[in-house]
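The values are calculated or read from the model by the stated rules, or taken from the named source; none is laboratory data. Not measured: the values here are computed from a predicted model. Cβ placement follows ideal geometry from the backbone for every residue including glycine, while neighbour counts extend to all protein chains displayed. In case anyone asks, the SASA skips ligands and DNA or RNA and just uses the protein heavy atoms, side chains included. Shrake-Rupley method; radii C 1.70, N 1.55, O 1.52, S 1.80 Å.
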Amino acid sequence: MLILALLAAAQAATGPTEVKSFGDWAVACDNLRYCEAASLMADETLDTVPQIAITREGGAVGALAIDIWPDAEYRGGYRLEIDGRTMLVGTLTGKSLVVTGTQATQLAEAMLKGQAIVLRGDDKALSQASLKGISAALRYFDAQQGRVGTTTALVAKGTASAGTVPGVPAAPRVAFVRPLGKPAAISAGLGAAMGEET
């Protein structure tokens, strides 16, 4: 996923990166205005590792998705809670709970008002995360995707129509350059040394 790749790059990079941290969330957006926020470990004493990601595509439509992974291979009934209030119930059949469409929008709005989100199964916490910083993280989405002041914003809402949101830019194209020349010959000694390394 985008945020995981950028977080890995951030650890190796010496200069500034595109990863932003807001409270207990890390956020990044790519050059096509696709944004992702990932929950961070807020408390090392928790039994379960937070594994929650919020993604939104750029453009007027800007599909929103919230993906929640349990920390174990769990299949069965679940209950998703925010501050003890049940938001969703259902049956977990895949590797994660993916919330999209209107439900994702409603869940995101509830997350903005909450302190913690917990996915439960068999009355056990399967995944949980602090919601500290989620408002700033989703406001960053709005800013990077040009939604501030529009009806499509998650936080920085306004009255401007979705038509004012900038579209997704064209993906950059990298021209293929055919290599020229003749490859260097590998000496017998180098070949033997390479063989020993494998």
Condition check: open to solvent by less than 50 Å² (accessible area, probe 1.4 Å), closer than 30 Å to Pro172 by Cα and either among the hydrophobic types (A, V, I, L, M, F, W, C) or modelled with pLDDT under 90 (or both). Does Ala28 satisfy that?
yes
Do we find that Asp47 is at pLDDT 95 or above and open to solvent by 20 Å² or more (accessible area, probe 1.4 Å) in this structure?
no
Which condition breaks for Met194 when tested against (1) of a type outside the set (S, T, N, Q); (2) without any contact (Cβ under 8 Å) to a residue 40 or more places away in the chain; (3) part of a loop (DSSP other than H, G, I, E, B)?
(3)
Please tell me if Ser127 is within 11 Å of Leu80 (Cβ to Cβ), of a type in the set (Gly, Ala, Ser) and either touching a strand residue (DSSP E or B) at 6+ places or on another chain (Cβ under 6 Å) or open to solvent by less than 20 Å² (accessible area, probe 1.4 Å) (or both).
yes
If you check Ile82 against the conditions, is it of a type in the set (A, V, I, L, M, F, W, C), within 30 Å of Ala162 (Cβ to Cβ) and under 16 Å from the mean Cα position of the chain (by Cα)?
no
How many residues are at positive phi and open to solvent by less than 30 Å² (accessible area, probe 1.4 Å) if we restrict to the stretch 73-86?
1
Out of all the residues in the stretch 122-134, is one or more among the aliphatic types (A, V, I, L, M) and farther than 20 Å from Leu40 by Cβ?
no
Evaluate the stretch 50-69: report whether one residue or more is modelled with pLDDT under 95, surrounded by 15 or more Cβ atoms within 10 Å (Cβ to Cβ) and over 25 Å from Arg139 (Cα atoms).
no
Note down all Cβ pairs under 8 Å where the first residue falls in the stretch 128-142 and is assigned to a loop (DSSP other than H, G, I, E, B), the second is charged (D, E, K, R), and they're at least six residues apart or on different chains.
Leu131/Asp24; Lys132/Asp24; Gly133/Asp24
So, in the stretch 87-124, exactly how many residues are open to solvent by less than 70 Å² (accessible area, probe 1.4 Å), within 16 Å of Arg75 (Cα to Cα) and in a loop (DSSP other than H, G, I, E, B)?
2
Counting only residues in the stretch 104-124 that are of a type in the set (Lys, Arg) and in contact with a strand residue (DSSP E or B) (Cβ under 9 Å, 6 or more places away or on another chain), the one modelled with the lowest pLDDT is identified as Arg120
Would you please name the residue that is nearest to the chain's Cα centre (by Cα), looking only at residues in the stretch 144-171 that are over 17 Å from Gly59 (Cβ atoms) and open to solvent by 50 Å² or more (accessible area, probe 1.4 Å)?
Lys157
Residues that are over 19 Å from Ala63 (Cα atoms) and among the acidic types (Asp, Glu): does the stretch 124-143 have at least one?
no
